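Every number in this text was worked out from the coordinates using simple rules, so none of it is lab data. In this text the structure is predicted, and so the values were computed from the model without any measurement. Cβ atoms come from the backbone with ideal geometry, glycine included; neighbour counts cover every protein chain shown.
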Amino acid sequence: MKTTPIPFQSSGHATNSARPAVAPARDPDERIGIVRILLRLPHCGMTAVVSEFTDADRALVAWKQARRLSDSCDFSILFTDGAAIRGSFGVSEKAKNLLSLPRIVRMALGICPLARGYVASCVLVDKSGGPLSHAQLDEYALKQHVPPVKPAQCPS
């Protein structure tokens with residue numbers, strides 16, 4: 001026996017079709033994600049294309065160990081909404097630790113102070129061609145890695 005599905009149609013179908021679709025509300029804790037991160041060392045022709053900050057940090061560690069980061073490193077981050085952040089940074093041999101790319105980007109944007117041994121500059125481009133404000137940047141997945149806070153010692 002062959003059955004054919006009957007399409008569901010509500011009684012208010014004709015009246016609802018003229019109503020514009022409503023976009024679902026975005027979770028305030030959810031950040032705008034990353035499509036692509038491009039890292040490039042122009043002086044030696046090395047390039048890394050990744051989709052997560054952890055992979056970008058791995059590439060930077062490998063380049064730091066190969067002593068390639070003393071030259072300028074260009075970065076470009078493309079987000080899912082079409083916004084892009086572009087810039088460059090350099091790390092001197094005197095820098096003790098290699099910082100994560102989100103921290104370097106935040107330094108380049110002037111959101112947090114430059115660390116010793118780092119030089120960074122940035123150009124912002126949003127999806128309509130204008131600059132992003134610092135308030136808008138909070139909506140993007142630029143995780144700031146904060147070291148865990150040690151509990152205070154109470155004198156006995």
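What the table shows:
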| item | result |
| --- | --- |
| Under 5 Å, built H, 5+ apart or other chain: amide partners of TYR140 | ILE32 |
| Sequence-distant aspartates and glutamates (8 or more away, or on other chains) whose Cα lies within less than 13 Å of LYS64 | GLU93 |
| Leading residue at positive end of dipole, segment 29-133 (Cβ point charges), from LEU132, LEU41, GLY110 | LEU41 |
| Zone of SER70's modelled label, taken as backbone nitrogen in segment 91-122 under 12 Å from a point 7 Å along Cα→Cβ | 91-95 |
| Qualifying aspartates and glutamates (Cα of each under 17 Å from Cα of LYS96; at least 8 residues distant if same chain) | ASP57, ASP71 |
| Where a label projected 7 Å from the Cα of ASP138 along Cα→Cβ would reach, residues of segment 90-122 with amide N under 16 Å | 111-112 |
| Under the Karplus curve 6.51 cos²θ - 1.76 cosθ + 1.60, θ = phi - 60°, whole-Hz ³J(HN,Hα) for segment 61-71, x wherever Gly or Pro sits | 4, 4, 5, 5, 5, 8, 6, 9, 7, 5, 7 |
